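Every number in this text was worked out from the coordinates using simple rules, so none of it is lab data. All values derive from a computational prediction rather than experimental measurement. We place every Cβ from the backbone using ideal geometry, glycine too, and count neighbours over all the protein chains shown.
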Amino acid sequence: MHALYISLVSEYYKSRKTLAFWAAILLPLIICGLISAGFYNNAEKIIANHYPPMLLWAQYSGAALGVMGFLIMPFYVIFMAFSVNNIEHKNDTWKMLFAQPLNKFSIYAAKYLYAILLIFICLFLFAALTYAFGNLLQVLVPTFNFNQYNPLDILINAYAKLFLASLGILSLQFILSLLWSDFLKPMGIGFVGTIMGIIAANVGWKYAYLIPYSLPTLASRISKVKKGMDPLAFSIFTQEIWTSLIYASVLFIIGYFIVTKKSIK
């Protein structure tokens, strides 16, 4: 555990000035800020629709969740997975990294866990800022009815699903970024895969859940719930989530063997 902790700290210091690190913080701030500004500027039109409190929160939070699940999240994960390993490729420090008095698994696992941590921070901030800005809108426009419904359970479930659904893409792109040091190959495959995944999910192909890149789109959809229950109280562990976790587990093991071979070159 000590070796893993040291490796994690090392990853932070190496990447704290990179775009992938700051995107985890700035993306939620910018997107939630823009959506909130839109709601504020169109307050009269929104109030005129007389949305129930739950539906108002669904409209507000769904704007950010839809953008993340359908487009931004897959591309962010692809770029971030490349950036974490590109630090070693760019500086040609793979040999130096594995020459440290730390076991190889801890070094590899730290890189992977650090990538997961960045995704978690990004989505945690999305959920937190959505809740905070929604309540801020209530203060700025008292005629809104955000204060009549607590959306925390919805936000936690929705972003937890999106987080777990992204692990399949992360694990695949992590391997691609280990195999190739150039930008175009892993990013190109990721771009094509994302477009294919979005199309497969949106046309309702029954095997779309087997494509890792389609999983965030599928996870962003609200699942069916039992009659009489809160229509937004959906299950987290659905088919696409289990598929993502299986991909993540298998590809994590494969990635470890790839990186150990790389270390002896």
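Using the crude model of +1 on Lys and Arg Cβ and -1 on Asp and Glu Cβ, and no other charge, please compute the dipole size for region 1-111 relative to its Cα centre, in debye to 20. The partial results should precede the final answer.
On the way: 8 positive and 4 negative charges, 65 e Å.
Its charge dipole is roughly 320 debye.
How high is the FRET efficiency from residue 199 to residue 156, r the C-beta distance, R0 35 Å, rounded to 0.05? After rounding to 0.05, the efficiency reads 0.75.
Suppose we flag chymotrypsin sites (Phe, Trp or Tyr not before Pro) only when DSSP calls them loop and at most 12 other Cβ atoms lie within 10 Å. Which is the longest uninterrupted stretch of the chain? Mind showing how you got there, number by number?
Numbers: sites that count: 207, 237.
In short, 1-206.
Between 127, 165, 109, the residue with the greatest mean-square fluctuation in the GNM of the chain (Cα pairs under 10 Å linked by springs) is 109.
What number, rounded to the nearest 500 deg cm²/dmol, is the helix-based mean residue ellipticity at 222 nm of the chain, given -39500 (n - 2.57) per DSSP H run of at least four residues and division by all its residues? Spell out each step's value before the answer.
On the way: 11 runs with 196 residues, N = 265.
For the chain, the value works out to -25000 deg cm²/dmol.
Of the residues 129, 173, 26, the one whose Cα sits farthest towards the positive end of the charge dipole of region 2-263 is 173 (charges of +1 on Lys and Arg Cβ, -1 on Asp and Glu Cβ, taken about the Cα centre).
If you run the Gaussian network model on the chain, springs between alpha carbon atoms under 10 Å, then out of 236, 31, 189 the most flexible one is 189. Just want to confirm a number: the relative contact order over region 2-263, from Cα pairs under 8 angstrom separated by 6+ residues, in percent. Relative contact order for region 2-263 comes out at 27 percent.
Across the options 40, 259, 84, the greatest Cα extent toward the positive end of the charge dipole of region 2-263 (unit charges at beta carbon of Lys, Arg, Asp, Glu) belongs to 259.
If you rank 14, 111 by fewest surrounding Cβ atoms within 10 Å, what's the result?
Result, fewest neighbours first: 14, 111.
Using R0 = 25 Å, the C-beta based FRET efficiency linking residue 113 and residue 182 works out to 0.50.
What's the magnitude of the charge dipole for the chain around its Cα centre, counting Lys and Arg as +1 and Asp and Glu as -1 at the beta-carbon? Answer in Debye, nearest 20.
Details: 18 positive and 8 negative charges, 122 e Å.
Using only the charged Cβ atoms, the result is roughly 580 debye.
Could you sort out which of 14/206; 45/206; 90/206; 17/261; 17/206; 14/161 sit more than 31 Å apart by Cα distance in this structure? All intermediate terms of the calculation are to be shown ahead of the outcome.
Details: 14/206 42 Å; 45/206 39 Å; 90/206 41 Å; 17/261 29 Å; 17/206 42 Å; 14/161 29 Å.
From the list (14/206; 45/206; 90/206; 17/261; 17/206; 14/161), the Cα-Cα distance tops 31 Å for 14/206; 45/206; 90/206; 17/206.
Applying 1/(1 + (r/R0)^6) with r as the Cβ-Cβ distance of residue 239 and residue 143 and R0 = 51 angstrom yields a FRET efficiency of 0.80. Against the empirical 2.2 N^0.38 Å (N residues), region 2-263 has a Cα radius of gyration ratio of 1.10. Between 0 and 90 degrees, the angle of helix 73-91 with respect to the longest Cα principal axis of the chain falls at about 30 degrees.
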